[in-house]
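Quick note: the coordinates plus some simple rules give every number you see, no bench work behind them. Bear in mind the structure is a predicted one, so any value in this text is a computation, not a measurement. Note that we place each Cβ from the backbone using ideal geometry, even for glycine, and neighbour counts take in every protein chain shown.
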Amino acid sequence: MRRWGLVATALFLSSQLAGCMTPTEPGELFQLTPESAIHRAMQTRLFETTDQTELLSASAAVLQDLGFQVEESVRDVGFLRATKERSARQYGQDIGRFLIFVLSLGHVIIPVDLHQKIAAVLIERPVNPDATRHEVRIMFYRVVWKGEGQADRQYVPPGEQKMEMLRDPVLYQQFFAKLSKAVFLEPFTL
Amino acid sequence: MRRAWRATLAIAGLLSVQGCTAPQPTQDLLAPTEAQMKMRSFQTRTFDVKDRQLAMRGVIAALQDLGFIIERANESLGLVTAARFAEPNYYDVVGITVTVRQETEARMMIRANAIHNNKPIEDPKVYQNFFATLERSLFVTRE
């Protein structure tokens, strides 16, 4: 009877372990998905202009207005990368942390998001051979660092990272609204 | 007793001799192995593109379509480095480096190296998928 209990525990534990390793097939990551086109449409606008440099420097200016620091730029391929760091504290998470702390009788303190780095990658390129129409594509993502926590007697050190793509359409609409104002051009969607 | 001694001596002698012969570096230590050649062949593909900048822009567009974040681009070297999170989980990272080189006047050689959490991806299918997307992107760009 006791042995069966042991076997059951072992099986349970091993199944828990298997749950930890989420299977990601790297092969699938290089395939276009139905969402790819949706994301592309959201992240891209077309501008009727021949001045590539002006469009790129206006994009950099808009990113600066939004509080980003330009980290890398390559004019020949129309590439900009900019980042900004902000606090990631949310009241909701602190309330949740407190509730769990009380409900677990002080055994569990879940880590909350402390700090985040928001980054933008912008690519600008001509879409026709005469280069009279340019495409601007921007992608936002963020990295979040968590604070310290505790699970029973196990101390959870701070600094755990979480990364995510930002896919809120409003963010992209705001950026392109500012950019079109800056270059005095009406953007086209795909 | 004597025999045992002799045997011990012989074994000790053998051991010491073995210690002396250090493995000599062979001539082909840095020569490409068959596996490396194979890897290179499916990581490389040539395209009928004349303009290198056009090819680079095609590579960048293809990577963006695949959801990659462009980290670095060097026009003069034809180098693009990009990465993405292995969604849906946000802890694994897939990285890729693509180099674009002029092979002949009218042909461009494009090589891609992909890694998954710092481990090289050796599955040919991954690269096939990538080049399929790239082909589409280059074709659209050329229109």
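Can you tell me which of B:T99, B:T46, B:T33 moves the most in a GNM of chain B? Springs connect C-alpha atoms under 10 Å apart.
B:T33
So what's the projected area for chain B, the Cα convex hull averaged over all directions, in nm²?
The number I arrive at for chain B is 14.8 nm².
State to the nearest 20 debye the size of the charge dipole of the protein assembly as shown about its Cα centre, where the only charges are +1 on K and R beta carbons and -1 on D and E beta carbons. Kindly include the intermediate steps, with their values, before the conclusion.
On the way: 39 positive and 37 negative charges, 296 e Å.
In total the dipole reaches around 1420 debye.
Roughly what % of DSSP beta bridges within chain A run antiparallel, to the nearest 5? Working shown, then result.
On the way: 44 of 44 bridges.
Just about 100 percent of them are antiparallel.
With r defined as the distance between the Cβ atoms of A:Q90 and A:V70 and R0 fixed at 30 Å, what FRET efficiency is calculated, to the nearest 0.05? Please list the in-between numbers first.
Details: r = 28 Å, r/R0 = 0.93.
The value I calculate is 0.60.
In the Gaussian network model of chain A, springs joining C-alpha atoms below 10 Å, which of A:E124, A:E148, A:E135 carries the largest mean-square fluctuation?
For chain A, modelled as a Gaussian network with Cα springs under 10 Å, the answer is A:E148.
Using helices alone, I'd like the mean residue ellipticity at 222 nm for the protein assembly as shown: each DSSP H run of four-plus residues gives -39500 (n - 2.57), total over residue count, nearest 500.
Counting only the DSSP helices, I get -13000 deg cm²/dmol.
Gaussian network model of chain A, Cα springs within a sub-10 Å range: biggest mean-square fluctuation belongs to which of A:R97, A:R133, A:R40?
Among A:R97, A:R133, A:R40, the largest GNM mean-square fluctuation belongs to A:R97.
Give me the compactness ratio for the range A:143-190, meaning the Cα radius of gyration over 2.2 N^0.38 Å.
Normalised by 2.2 N^0.38 Å, the Cα Rg of the range A:143-190 equals 2.07.
Please list the non-local residues whose amide H lies under 5 Å from the amide H of A:E160, H modeled 1.01 Å from N, same-chain partners needing a gap of 5 or more.
Correct list: A:K146.
Beyond 26 Å, how much of the Cα-Cα pair distribution for the protein assembly as shown remains, as a whole percent?
Tail fraction, whole percent: 62.
When a/c is below 1.5 the answer is rounded, else prolate if a/b is larger than b/c, else oblate, so apply that to chain A with a ≥ b ≥ c taken from the square roots of the Cα gyration tensor eigenvalues. Don't skip to the answer; put the middle values down first.
Values: a/c = 3.48, a/b = 2.07, b/c = 1.68.
Prolate shape, in that a/c is at least 1.5 and a/b is the bigger ratio.
Which listed residue (A:A182, A:V62, A:F140) has the Cα farthest towards the positive end of the charge dipole for chain A, taking +1 on Lys and Arg C-beta and -1 on Asp and Glu C-beta about the Cα centre?
The residue sitting most towards the positive pole is A:F140.
On the first, second and third principal axes, largest extent first, how far apart are the outermost C-alpha atoms of the range A:93-149 in Å?
Largest to smallest, the principal-axis extents are 69, 15, 11 Å.
Give me P(r) over the range B:41-109, computed from all C-alpha to C-alpha distances, binned every 10 Å, as integer percentages.
Going from the shortest bin to the longest, the percentages are 20, 48, 25, 7, 1.
Which residues in the range B:54-71 place their backbone N less than 12 Å from a point set 7 Å from the Cα of B:E105 along the Cα-to-Cβ direction?
What the label zone holds, given the 12 Å backbone N cut-off, is no residue at all.
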